[in-house]
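The values are calculated or read from the model by the stated rules, or taken from the named source; none is laboratory data. The shown structure was predicted, so the numbers you read here are calculated from the model rather than taken from an experiment. Because the Cβ atoms are built from the backbone with ideal geometry, glycine has one as well, and the counts that use them run over all protein chains shown. Calculation scope for accessible area: heavy atoms of the full protein, side chains included, ligands and nucleic acids excluded. Shrake-Rupley method; radii C 1.70, N 1.55, O 1.52, S 1.80 Å.
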Amino acid sequence: MSAAKQELRKVVGELSEDESRILLKFAEWLREQKEELTDKEMAILRRGEKQIRKGDFVWWQDVKRTNV
């Protein structure tokens, strides 16, 4: 098993139940993707990861205005 997968297992084990559900939805979406991310998409993803590490985010349920 690769180092990345080992680290992922460790991180997943430390997530809350809500965080686990979010990660699962993302992982399922990622698995379904047939194309690689573009450089622009990767830059956006990295920027988002940096914001999350800094704690600069809000939960969707805290900002949604209608039931979706």
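Under 5 Å between amide hydrogens, built in the peptide plane, is the criterion, and for LEU15 it picks out nothing among residues at least 5 positions away or on other chains. Only protein heavy atoms count here; under a 1.4 Å probe, VAL12 has an accessible surface of about 60 Å². Out of [x] 14.3, 43; [y] 15.2, 50; [z] 11.9, 41, which label holds the value of Rg and Dmax of the Cα atoms in Å that was computed here? Recomputing Rg and Dmax of the Cα atoms in Å here picks out [x]. Carbon-plus-sulfur accessible fraction, the chain (probe radius 1.4 Å, protein heavy atoms only): 53%.
Solvent-accessible surface of the chain, taken per residue with a 1.4 Å probe and all protein chains present: 102 Å². Ellipticity at 222 nm from helices only: DSSP H runs of n ≥ 4 in the chain, each -39500 (n - 2.57), divided by the residue count, give -20500 deg cm²/dmol. Computed with a 1.4 Å probe over protein heavy atoms only, the accessible area of LEU37 comes to about 70 Å².
Neighbours of GLU49 by Cβ distance under 13 Å: Lys/Arg scored +1, Asp/Glu scored -1, total +3. The length gained on full extension between LYS50 and LYS10, counted as 0.36 nm times the residue separation minus their Cα-Cα distance, comes to 12.4 nm.
Exactly which trypsin sites (Lys or Arg not before Pro) in the range 17-52 are in a DSSP loop and have at most 11 other Cβ atoms within 10 Å? The qualifying sites are LYS34.
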